[in-house]
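So the structure is just underneath, and the comments pick up after that.
The values are calculated or read from the model by the stated rules, or taken from the named source; none is laboratory data. Owing to the predicted nature of the structure, the values given are computational and were not obtained by experimental measurement. Please note: Cβ atoms are built from the backbone with ideal geometry, for glycine as well, and neighbour counts cover all protein chains shown. What goes into the accessible areas is simple: the full protein's heavy atoms, side chains included, and nothing from ligands, DNA or RNA. Shrake-Rupley method; radii C 1.70, N 1.55, O 1.52, S 1.80 Å.
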Amino acid sequence: MAGPGPVTTEAPCEPSQPPVIEGFSPTVYRNPEGFKEKFLRKTRENPMVPIGCLGTAAALSYGLYSFHRGDSQRSQLMMRTRIAAQGFTVTAILLGLAASAMKSRP
């Protein structure tokens, strides 16, 4: 009966280093971008989303200010305006996603 093959003492891979695979880079991003660069790139890709976000924040802020002052009619109008601005923002996001999906198709 034959015994098992020769035993090597060398570890198959170094646990402290990632495995070397040809054509594969272990880093996710080749050139990591900061918050400012990413924000500017995303704003250029879909400029309506930041506009909708600013509109939502403005309507919310002014609505809360009106509520604090006791102007309930103006406060209600601003809350309704906030809902419209949120709808605009969600629509802009969805249209941006659809446009980028159509652009990436061959």
Quick calc: nm separation of the 7 Å Cα→Cβ label points for L95 and R41 -> 2.4
With the cut-off at 20 Å, report for segment 28-92 the share of all Cα pairs above it, as a whole percent. 44
If you roll a 1.4 Å probe over segment 23-91 with all protein chains in place, what percent of the accessible area is carbon or sulfur? 63
Per residue, how big is the convex hull around the C-alpha atoms of segment 55-106? Give it to me in cubic angstrom, could you? 40
